[in-house]
Amino acid sequence: MDRIDNLDRVILNLLMNNARIPSKDVADACGVSRAAIHQRMAKLIDTGVITGSSYQVDPSKLGYHTTTFIGVSLRKGSLYHEVVKELEKIPEVVECHYTTGPYSMFIKVYAKDNNHLMTLLNSCIQNIEGVIATETLICLERSLCRHISVAMDENEAAHKEALAAAKKTLASKSKEKKRPGRKKGSTNKRSIIRKTE
């Protein structure tokens with residue numbers, strides 16, 4: 001994989017903060033051409049640094065009010081991949097990790113309520129061949145959810161403060177867009193520019 005420099009890191013931080021940010025704004029913030037941004041983004045996609053983009057959906061708005069983390073113990077670790085295939089058939093299972101510690105695997109499950117969760121456990125998860133025990137932890141509140149920080153390379157002095165400068169530029173542009181302006185020749189009417197998120 002090609003080496004990632006600080007311009008790449010600035011682009012990544014901007015995209016992770018807002019995946020819908022126009023490439024023109026990224027280019028302006030970074031002080032480079034739009035073509036350069038397109039080339040950099042293409043490289044980040046081709047090398048697998050950027051694996052995709054998607055909208056984040058609030059499960060509770062879809063009726064899933066119970067978030068749970070379930071530790072799953074297997075009869076033997078070698079059954080992991082077979083169990084994963086079965087878990088993939090359960091739409092409410094949204095994450096699965098092969099772990100060290102007391103459990104063979106750790107999964108994240110959304111349920112509509114406790115009755116729905118009990119059905120998922122008793123009729124689906126615990127019925128999978130190789131699963132010998134589960135321990136369920138119900139989430140009371142999600143207090144933090146963020147992307148991994150893309151730190152600047154201190155050895156690249158030319159871009160050391162690039163991210164801070166880029167964010168400052170974007171913040172300044174955002175304020176300009178939100179500031180109402182007067183139409184030419186008008187003293188009373190104002191045109192309002194709304195920022196689309």
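Rule-based calculations on the coordinates, nothing more; no lab input. Because the structure is predicted, anything quoted here is derived from the model rather than measured. FYI the Cβ positions are ideal-geometry reconstructions off the backbone, even for glycines, and counts take in every protein chain you see.
Observations on the model:
- Estimated dipole of the range 1-43 in Debye, rounded to 20 [Cβ of Lys and Arg +1, of Asp and Glu -1, Cα centre]: 100
- Placing dummy labels 7 Å off each Cα toward the beta-carbon, the span from V49 to H81 is 3.1 nm.
- Exposure proxy ranking, count of Cβ atoms within 10 Å, fewest first, for I45, I70, I50: I45, I50, I70
- Model label sites at I90 and L62, defined 7 Å from Cα along the beta-carbon direction, differ in position by 1.7 nm.
- A viscosity of 1.002 mPa s and a temperature of 20 °C, combined with the Kirkwood radius over Cα pairs in Stokes-Einstein, give a translational diffusion coefficient for the range 42-150 of 137 µm²/s.
- ³J(HN,Hα), Karplus 6.51/-1.76/1.60, whole Hz, each residue of the range 70-77, x for Gly, Pro: 10, x, 10, 9, 9, 4, 7, x
- Averaging Cα coordinates gives a centre for the range 86-119 and one for the range 16-40; these two points are 38 Å apart.
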